[in-house]
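The values are calculated or read from the model by the stated rules, or taken from the named source; none is laboratory data. Being a predicted model, the structure only gives us computed values, none of them experimental. Ideal geometry is used to build each Cβ from the backbone, glycine not excepted, and the neighbour counts take in all protein chains shown.
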Amino acid sequence: MQIIDAHQHFWIFDAEQDSWINLDMEKIRRDFLPDELSAILKEKQINGCVAVQSRQNEEDNFFLLECAQKNAFVKGIVGWIDLCSDRVEADLKKYSRYPLIKGFRHVLEAEKDLAFMLKSSFLKGISLLHAYGFTYDILIRPEHLEYALQLVEQFPEQRFVIDHMAKPAIKNNEITQWQHDIKLLAGHNNVYCKISGLVTEADWHSWTIQDLEPYLGIVFAAFGPNRVMYGSDWPVCNLAGGYNLFFETMNTYTANFSTADQELFWAGNATTFYKLNEDN
């Protein structure tokens, strides 16, 4: 069975540029590059991955492109552009010349304005993505979900994916409002969801599959087998047990799925969403 890791990162650590990696995250305050991930993917018999931006500058796009061009297991890139810029269409034309770049992401969860994604300039940028074939990764927390719903309602043709299931507060057992809101988002067929990043929303040192199961059950039921995809969130997952632990947890969780549904979750949906089979 094919496996695609639909969400991981590379970086050369810089304390200033990577200020979100605070002192409590000592395990990831270093470089993480393709050679290290390649060994993990080979061990797990994973066929490829999607590299996602971690810095909000275009230099990071070209760093990820270089990583992908030198490592065939990197099947696609989610980069960053300033969607609010007057130059956004010129930027999209520029990046359309790089088939490895499949879409874009902005770190919406870091914006002080919860409704940042509804700014007219941001909406204009989103409105242009579909014409150039680009996806959009929505990186948010539960308090942003009501605004994300308003965003996706305006663009029914745009392919969106919710990163990390919108980061439910697993450690605090908060589920009710998140469940209500994520179900509303799932009602839009152009919205997918990444089963990723959960372990860092749980207790880093003592989470179990039982902590994740209620949240996983809601998402798999709401989005259905055709709109969920596996992502490791490596190397951030190293904060809460590492690649192997979450990978094996999801193997256990999906063990009783039909073969067809397993194939969709582990590779098919990511391949369809990001168009990973198109020539790079």
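Could you list all residues from the stretch 1-34 that are among the acidic types (Asp, Glu) and either touching a helix residue (DSSP H, G or I) at 6+ places or on another chain (Cβ under 6 Å) or free of Cβ contacts under 8 Å to residues at least 24 places away in the same chain (or both)? Within the stretch 1-34, ASP14, GLU16, ASP24, GLU26, ASP31 qualify.
Only residues that are out of contact with any Lys or Arg (no Cβ under 6 Å at 6 or more places or on another chain), free of Cβ contacts under 8 Å to residues at least 40 places away in the same chain, in a loop (DSSP other than H, G, I, E, B) and surrounded by 22 or more Cβ atoms within 10 Å (Cβ to Cβ) were counted across the stretch 199-240, and they come to 0. Number of residues in the stretch 112-141 that are touching a helix residue (DSSP H, G or I) at 6+ places or on another chain (Cβ under 7 Å) and at positive phi equals 0. Which members of the stretch 37-49 meet the condition of being assigned to a helix (DSSP H, G or I) and free of Cβ contacts under 8 Å to residues at least 60 places away in the same chain? Listed by number, the residues that qualify are SER38, ALA39, LEU41, LYS42, GLU43.
Please tell me if PHE246 is free of Cβ contacts under 8 Å to residues at least 60 places away in the same chain, buried (at least 18 other Cβ atoms within 10 Å of the Cβ), in a helix (DSSP H, G or I) and out of contact with any Lys or Arg (no Cβ under 8 Å at 6 or more places or on another chain). Judged against the criteria, PHE246 is a match.
Quick check: is even one residue across the stretch 33-46 farther than 17 Å from TRP234 by Cα, surrounded by fewer than 21 Cβ atoms within 10 Å (Cβ to Cβ) and modelled with pLDDT of 95 or more? No: zero hits. Of GLU153, GLU66, GLU89, GLU143, all but one fail to be closer than 22 Å to TRP20 by Cα and surrounded by fewer than 22 Cβ atoms within 10 Å (Cβ to Cβ); the exception is GLU143. Quick one: what pairs do we get from the stretch 156-172, first residue over 19 Å from ALA221 (Cβ atoms), second among the polar types (S, T, N, Q) and in a helix (DSSP H, G or I), C-beta under 9 Å, 6+ apart or different chains? If the second residue must be among the polar types (S, T, N, Q) and in a helix (DSSP H, G or I), the pairs left are GLN158/SER127. Any residue at all in the stretch 185-194 that's touching a Phe, Trp or Tyr at 6+ places or on another chain (Cβ under 6 Å) and part of a helix (DSSP H, G or I)? Yes. LYS94 - would you say it is basic (Lys, Arg), in contact with a helix residue (DSSP H, G or I) (Cβ under 7 Å, 6 or more places away or on another chain) and surrounded by 12 or more Cβ atoms within 10 Å (Cβ to Cβ)? Answer is no for this residue.
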